[in-house]
Amino acid sequence: MDFQSNVFTLNTVDGVSFLTYDRLSQIPFIRHAFSTKIGKGSRTRHPMDMSFDRDDREAVTENYKLLCNAAGLDYSSLVASAQDHHTFVRVCTSAEKGIGIYREKDMQSVDGLVTIEPGLTLCTYYADCTPLFFVDTVTHAIGLAHGGWRGTVGKIAEKVVGTMRESFGTDPKDLVCAIGPNISVCCYEVDESCAKEFYALGLQSDRFVFPKEGGKYMVDMLECNRQILVSCGVKPENITVSDVCTKHNSDLLWSHRATKGDRGLMCAMMRINPDH
Ligand SMILES: [Zn+2]
């Protein structure tokens, strides 16, 4: 496997591989991980599939335990969002522990999770879409959101910042954010109706929508989300952007487009450390 990145570390513990952002690993009060398809002992049809929808529940549960053990996270503390391409953000407390994992999913239309409670581990799902990580270095609140193209143009990034501001008093200039890994501009081709929604955002769209022949467009969802965060007051130097494309790294990561839909889901996890 030829994995190269200037922003991620590829960790392998007990045969289970996961990515961490070097920038987020430097923050002492949090722990985070992004899963891969590499997991020794995984019994799901798609290795390390984190979706309960398409595989044996017990085998998927094992995948969560494998990842948590490798990444030093607590399985019992997980709370998972839906992944249904909306832009609702939910403030989570320890009362929500287990939802979407070992308790019934009660997260209709929720694609963003935020918390200020130590010990609760937020979890969101991906297979080309854009993960968004938020860490408030002053109040020590955190957020995690799933940005597909609909969530991106629906400005879920802005909604997370707004929810953290209202709920925790977060000042955007104190946020450290990370964007990705996702299907990057090298591989993310869309048609005109989708491109129009990106143009309509009123940002510097010439930096994230690139017309090509045949009425198709290449879209850079990393740069689009980055500009949305900057427009919310997040400092550019506090935003880390992925340099790993899911489709280009389909030996390591699940990519909806690389597998034409026959794939597993990966997840992002992040918590405020319980001893914090
Ligand atoms: Zn690519």
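The values are calculated or read from the model by the stated rules, or taken from the named source; none is laboratory data. These numbers were taken from a predicted model, which means no experiment stands behind them. All Cβ positions, glycine included, derive from the backbone under ideal geometry; neighbour counts span all protein chains shown.
Do we find a residue being touching a residue at least 12 places away in the same chain (Cβ under 8 Å), closer than 29 Å to ASP251 by Cα and not acidic (Asp, Glu) anywhere in region 193-203? Quick ask: steps written out before the conclusion?
Going through region 193-203, the residues touching a residue at least 12 places away in the same chain (Cβ under 8 Å) turn out to be 194-195, 197-198, 200-201, 203.
Narrowing further to those that are closer than 29 Å to ASP251 by Cα: 194-195.
Of the ones still in play, those that are also not acidic (Asp, Glu) are 194-195.
Yes.
When you go through VAL91, VAL79, VAL160 one by one, which is the residue that is over 30 Å from VAL190 (Cβ atoms), touching a strand residue (DSSP E or B) at 6+ places or on another chain (Cβ under 6 Å) and touching a residue at least 60 places away in the same chain (Cβ under 8 Å)?
Within the list VAL91, VAL79, VAL160, the selection yields VAL91.
Going through region 2-57 one residue at a time, which ones are part of a loop (DSSP other than H, G, I, E, B) and basic (Lys, Arg)?
Scanning region 2-57 gives LYS40, ARG43, ARG45, ARG54.
Need pairs with beta-carbon distance below 7 Å; first residue on the phi > 0 side of the Ramachandran plot and within region 128-146, second part of a strand (DSSP E or B); sequence gap 6+ or separate chains.
ASP128/ASN182; HIS140/ILE272
Within region 227-248, can you find the residues that are within 16 Å of the ligand (Cβ to nearest atom) and buried (at least 21 other Cβ atoms within 10 Å of the Cβ)?
Of everything in region 227-248, those that are within 16 Å of the ligand (Cβ to nearest atom) and buried (at least 21 other Cβ atoms within 10 Å of the Cβ) turn out to be SER242, VAL244, CYS245, THR246.
Among the residues of region 241-254, is any within 20 Å of LYS155 (Cα to Cα) and of a type in the set (Lys, Arg)?
So far as region 241-254 goes, no, none of its residues is within 20 Å of LYS155 (Cα to Cα) and of a type in the set (Lys, Arg).
Considering only residues that are among the charged types (D, E, K, R) and either over 28 Å from ALA141 (Cβ atoms) or buried (at least 22 other Cβ atoms within 10 Å of the Cβ) (or both), which ones fall in region 165-219?
GLU189, ASP191, GLU192, LYS196, GLU197, ASP206, ARG207, LYS212, GLU213, LYS216
Consider ASP74 carefully, then state whether it is modelled with pLDDT under 95 and not polar (S, T, N, Q).
The answer is no for ASP74.
Could you list, in sequence order, all residues of region 140-163 that are touching a helix residue (DSSP H, G or I) at 6+ places or on another chain (Cβ under 7 Å) and in a loop (DSSP other than H, G, I, E, B)?
Step one: list which residues in region 140-163 are touching a helix residue (DSSP H, G or I) at 6+ places or on another chain (Cβ under 7 Å), which gives 141, 143, 145, 147, 149, 152-153, 155, 157-158, 161.
Selection gives ALA141, LYS155.
Being of a type in the set (Gly, Ala, Ser) and out of contact with any Phe, Trp or Tyr (no Cβ under 9 Å at 6 or more places or on another chain) is the filter; apply it to region 181-226 and report the residue that is farthest from the ligand (Cβ to nearest atom). Give the steps one after another, and end with the answer.
Just the residues of region 181-226 that are of a type in the set (Gly, Ala, Ser), to begin with: 184, 193, 195, 200, 202, 205, 214-215.
Within this subset, residues satisfying the condition of being out of contact with any Phe, Trp or Tyr (no Cβ under 9 Å at 6 or more places or on another chain) are 184, 193, 200, 202, 214-215.
Numbers: SER184: 5, SER193: 22, ALA200: 25, GLY202: 27, GLY214: 19, GLY215: 21 Å.
Selected residue: GLY202.
So if I check each of ASP275, ASP251, which one is away from the ligand (no atom under 16 Å from the Cβ), part of a loop (DSSP other than H, G, I, E, B) and more than 16 Å from the chain's Cα centre (by Cα)?
It is ASP275.
Taking the stated definitions as given, is CYS267 more than 16 Å from the ligand (Cβ to nearest atom) and either surrounded by fewer than 18 Cβ atoms within 10 Å (Cβ to Cβ) or not in a helix (DSSP H, G or I) (or both)?
It is true that CYS267 is more than 16 Å from the ligand (Cβ to nearest atom) and either surrounded by fewer than 18 Cβ atoms within 10 Å (Cβ to Cβ) or not in a helix (DSSP H, G or I) (or both).
Return the residues of region 4-46 that are more than 18 Å from LEU73 (Cβ to Cβ) and over 19 Å from the mean Cα position of the chain (by Cα); say none if nothing qualifies.
Correct list: GLN4, ARG43, THR44, ARG45, HIS46.
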